[in-house]
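Below is one structure, written out as structure tokens; comments come after it.
FYI, it's all coordinate maths here, none of it is from the lab. In this text, all values refer to a predicted model and were calculated from it rather than measured experimentally. Here the Cβ positions follow ideal geometry from the backbone for every residue, glycine too, while neighbour counts run over all protein chains shown.
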Amino acid sequence: MVTIAVSTISSKGQVVIPSKLRKHFDKKVVFIEKDNQIIIKNPLDFEKSFEKDFKKAKETTKMIEEYEKGKLKTLKFDSVEDSIQYLESLE
């Protein structure tokens with residue numbers, strides 16, 4: 001299942017990782033930035049799969065945009081592939 005959560009950036013540049021996501025991390029995280037996308041990874045699970053991660057991030061951005069337009073009532077999918085398939089059906 002894919003879980004998506006939204007947070008805000010404080011005036012000091014701080015972001016709170018929602019508890020339902022934070023439970024998957026220890027005390028450190030890895031930030032990866034490319035093409036205006038940020039991926040947060042657990043250092044223990046860190047893989048060298050940047051392109052795959054950024055594709056997922058871009059699809060997540062599309063889903064959030066569709067959600068904000070009222071086209072999605074929920075953002076729960078059983079897999080990333082299911083979410084991508086749904087997004088492709090919107091085009």
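In plain terms, the residue of Phe31, Phe25 with the fewest other Cβ atoms within 10 Å comes first and the most crowded comes last, giving Phe31, Phe25. Between Glu81 and Ser7, the simple label model (points 7 Å from Cα in the Cβ direction) yields a spacing of 3.0 nm.
Among Thr8, Thr60, the order by Cβ neighbours within 10 angstrom, fewest to most, reads Thr8, Thr60.
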